[in-house]
Amino acid sequence: MKFLSFAAREADRPTSRPHDLLSAPGDAVTWPVATAMAFQHLAIQSIYIVLPVAVAASLGLDARMTANFLCLSLLAMAILTLLQATWRGPVGSGYQLHAIPSPILVGVYLLCGAAGIALDQAAALVLISGAVAVGILFLIPRPERIFPSELAGVVIFLLGASLIPVMVDIITEYGRLDTETLLVDIALAGFSFVVMVAVSLSRLPIAKFGVLIGAVVGVVLTSLISPERLHFAAAAGANTWFALPAPILPRFEGLSVGLVIMFIIPVLPGFTAMLGNLIALQRAADGGWTKPDSPPLWRGLLAFNLAIFATGTFGGMAPSPSMACTALSIANRSLSRRIAVLGAAILCLLALSPKLVAVLGAVPSGIEAAMLLYVASIMMVTGVQLITARMLDTRRSLVAGTGLVAGILVLTMPSVFRQYVPALASPLSLGSLTALLAHLLTLPLVARQVSLTFPVGPNLPRLAEEEAVRLGGAWAARRATMEKVENCLIELGEVMALRDESEIRAVLRYLEGEVSLVVKHQGGPLPAPSSKPAVLSLDGDMDDQLGFILWLAVRQASTVDRRPGELRLIFNDT
């Protein structure tokens, strides 16, 4: 019952609609608008079709089996999207969240291919990891407290970095290409990538389709320069226009403990990636958002884990959220669930046409490599932005740094890890696990509340700045928030000087999404800040001066509470 009460929709925090939002999650947008939006997201999702294609190649699947695996993977994406869009019951965030084949598990799938694991055994491993993920989630009632932004940044960065060796394997066809053909493919990949970037950076309406346009240009050039590299006809000929995907039932025989652990380890990075998407959508849908609302996040993570478990029952590639689609939804200010539901329906229809899916999966290797390079570049930069989004002290810098070093270590010595520790042979698995352990082990060292005394005088600005930087890094607060606290302390120094007090006694505390500042002083409450502040008040009497300086001190605080002997302030950190 405790779980049911926590996950109940009634526990969700009330929201206020942002003034510039075109459609909220519960809005019923018109079907033409929903269709246009859904196809935009499908254009982004189609980029990631290259991931199950790479997995199918590593597992040695022929054209027909590859198309069937792609169809099953599309169904898995649809399941995750529909579960997230659910607006009743204990499962689903109720947000518009689009899915892609999981980049987190690409490295693990490739290791399975190298170890001779069949697709039905891989399905069993996905099923097991989904079941374990559901169990772990019940142990984490407030997951947003465990996975900080720098950990999410490490995960996203290593996601992009782990695609680089996949790109190399694809463009070289696992070392089977001769030098002349390889040089042609590299040239085609480079030109296609340049077109993708040029179109995406343009201000034209087609900018959002830059990756697809670059891919089409690359295919056309391939047909002119090296037509033997095109296999669309063969892929289409091996499949029918309409067929129900053949499920790949899980087979548990022959699975080692190491393989099971190898699939379970990415569960935590998956939590982090999903949590980042859910929080971004939650913030975009609520004009009064100040901090994460746990119940929708928990239900969203449950939907994610159940989708992975369900995928294991029929053998598709495990799905994960698309950060690019989330960014598109927020940029378009269109968060209606109807768009996601219609997109899932389109994915289901595509999954019933092996011929169409096979053509999508038969993109020349050079063009696939260009698409992967584009995706990897965006992911790695996004990861760096997440790592540096908040202030970092030595502890948090080491948490992110050790995670990145561990992941890069696997990239530089993949054969060593595959031979001796196959469960950690994925850069994402080792890197994210290292960062998470470093974070949890050092978290008790962080003081959430500190008491400080600042002498009033010429050294106050320097001391306030030093403490703001130190505490901001320890708490992973936003730099802008701590600058507000710093400015407040400096202005309060002027107030204390006018009151003939020699020091500022302050208690700072970091709460969820806010910084609390309590300043102790002598006597009754401080005067109210000026309601009509003016610089000329500094030439007035003592009350006028104090009112204006207090206005300067507290103007950036979200809450001001004047009490006898103390001033209580709260600064939002969202």
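The values are calculated or read from the model by the stated rules, or taken from the named source; none is laboratory data. Keep in mind that what you see is a predicted model, and the values were worked out from it rather than measured. Reconstructed Cβ throughout: ideal geometry from the backbone, glycine too, with neighbour counts over all protein chains shown.
Could you tell me which numbered condition GLU503 fails, if it satisfies all but one of (1) closer than 22 Å to SER558 by Cβ; (2) touching a Pro at 6+ places or on another chain (Cβ under 8 Å)? All conditions pass for GLU503, except number (1). Total residues in segment 447-466 satisfying the condition of being surrounded by 14 or more Cβ atoms within 10 Å (Cβ to Cβ), touching a residue at least 40 places away in the same chain (Cβ under 8 Å) and under 20 Å from THR394 (Cβ atoms): the figure is 2.
Only one of the numbered conditions (1) under 27 Å from ALA38 (Cα atoms); (2) modelled with pLDDT under 85; (3) not charged (D, E, K, R) is not met by ALA198, and that is (2). Within the set ARG396, ARG470, ARG462, the sole residue that is outside the structural domain of GLU494 (by TED's automatic domain parsing) and farther than 26 Å from ILE164 by Cα turns out to be ARG396. Within segment 307-328, being more than 30 Å from PRO205 (Cα to Cα) and either among the aromatic types (Phe, Trp, Tyr) or assigned to a helix (DSSP H, G or I) (or both) holds for ALA307, ILE308, PHE309, ALA310, THR311, GLY312, THR313, PHE314.
Rundown of residues vs (1) outside the structural domain of ASP12 (by TED's automatic domain parsing); (2) buried (at least 23 other Cβ atoms within 10 Å of the Cβ); (3) closer than 12 Å to ARG337 by Cβ; (4) of a type in the set (A, V, I, L, M, F, W, C), yes/no style:
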position	(1), (2), (3), (4)
ALA34	no, no, yes, yes
VAL55	no, yes, no, yes
ALA67	no, yes, no, yes
ALA76	no, yes, no, yes
THR81	no, yes, yes, no
LEU97	no, yes, yes, yes
PRO101	no, yes, no, no
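Among the residues of segment 394-418, just one is buried (at least 16 other Cβ atoms within 10 Å of the Cβ) and either free of Cβ contacts under 8 Å to residues at least 12 places away in the same chain or assigned to a loop (DSSP other than H, G, I, E, B) (or both), namely GLY401. Looking at LEU119, LEU125, LEU151, LEU139, which is the one that is out of contact with any strand residue (DSSP E or B) (no Cβ under 8 Å at 6 or more places or on another chain), surrounded by fewer than 17 Cβ atoms within 10 Å (Cβ to Cβ) and either in contact (Cβ under 8 Å) with a residue 40 or more places away in the chain or in the same structural domain as ILE308 (by TED's automatic domain parsing) (or both)? Within the list LEU119, LEU125, LEU151, LEU139, the selection yields LEU139.
Go through segment 514-556 and give me each residue that's modelled with pLDDT of 80 or more and in contact with a Phe, Trp or Tyr (Cβ under 6 Å, 6 or more places away or on another chain). VAL515, PRO529, SER530 - these are the residues of segment 514-556 that are modelled with pLDDT of 80 or more and in contact with a Phe, Trp or Tyr (Cβ under 6 Å, 6 or more places away or on another chain). Against the definition (touching an Asp or Glu at 6+ places or on another chain (Cβ under 7 Å), among the polar types (S, T, N, Q) and over 30 Å from CYS488 (Cα atoms)), how does SER365 come out, yes or no? Judged against the criteria, SER365 is a match. Residues that are surrounded by 24 or more Cβ atoms within 10 Å (Cβ to Cβ) and among the charged types (D, E, K, R) were ranked within segment 333-388; the one that is modelled with the highest pLDDT is ARG337. Within segment 66-99, the set of residues being hydroxyl-bearing (Ser, Thr, Tyr) and under 21 Å from the mean Cα position of the chain (by Cα) comprises SER73, THR81, THR86, SER93, TYR95.
Here is a yes/no grid of residues against (1) under 25 Å from ARG299 (Cβ atoms); (2) not β-branched (Val, Ile, Thr):
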| site | (1), (2) |
| --- | --- |
| ALA99 | yes, yes |
| LEU111 | no, yes |
| GLN121 | no, yes |
| ALA133 | yes, yes |
| ILE136 | yes, no |
| LEU139 | yes, yes |
| LEU158 | no, yes |
| VAL168 | no, no |
| THR172 | no, no |
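Annotation: LEU72 fulfils all but one of (1) modelled with pLDDT under 85; (2) farther than 26 Å from GLY210 by Cα; (3) out of contact with any Cys (no Cβ under 9 Å at 6 or more places or on another chain); the unmet one is (1). The conditions of being under 20 Å from ALA557 (Cβ atoms), part of a strand (DSSP E or B), assigned by TED's automatic domain parsing to the domain that holds ARG568 and touching a helix residue (DSSP H, G or I) at 6+ places or on another chain (Cβ under 7 Å) are not met by VAL485.
Of the residues screened, LEU436 is not one that is over 18 Å from GLY153 (Cα atoms), in a helix (DSSP H, G or I) and outside the structural domain of ARG470 (by TED's automatic domain parsing).
Scanning segment 287-322 for residues that are crowded, with 22+ Cβ neighbours inside 10 Å, under 20 Å from the mean Cα position of the chain (by Cα) and within 29 Å of ALA57 (Cα to Cα) yields PHE304, ASN305, ALA307, ILE308, MET317, ALA318, PRO319, SER320, PRO321, SER322.
Of all residues in segment 498-531, those being assigned to a helix (DSSP H, G or I) and in contact with a strand residue (DSSP E or B) (Cβ under 9 Å, 6 or more places away or on another chain) number 0.
For segment 543-558, the condition holds for no residue, the condition being that it is over 30 Å from ALA400 (Cβ atoms), part of a strand (DSSP E or B) and either assigned by TED's automatic domain parsing to the domain that holds PRO461 or of a type in the set (Lys, Arg) (or both). Report whether or not VAL194 is surrounded by fewer than 16 Cβ atoms within 10 Å (Cβ to Cβ) and under 28 Å from the mean Cα position of the chain (by Cα). When the stated conditions are applied, VAL194 passes them.
If MET391 passes every condition in (1) in a helix (DSSP H, G or I); (2) surrounded by 15 or more Cβ atoms within 10 Å (Cβ to Cβ); (3) out of contact with any Asp or Glu (no Cβ under 9 Å at 6 or more places or on another chain) but one, which one does it miss? The failed condition is (1).
Could you pull out the residue among GLY107, GLY130, GLY92 that is closer than 30 Å to ARG333 by Cβ, buried (at least 20 other Cβ atoms within 10 Å of the Cβ) and touching a residue at least 40 places away in the same chain (Cβ under 8 Å)? Checking each option against the conditions leaves just GLY92.
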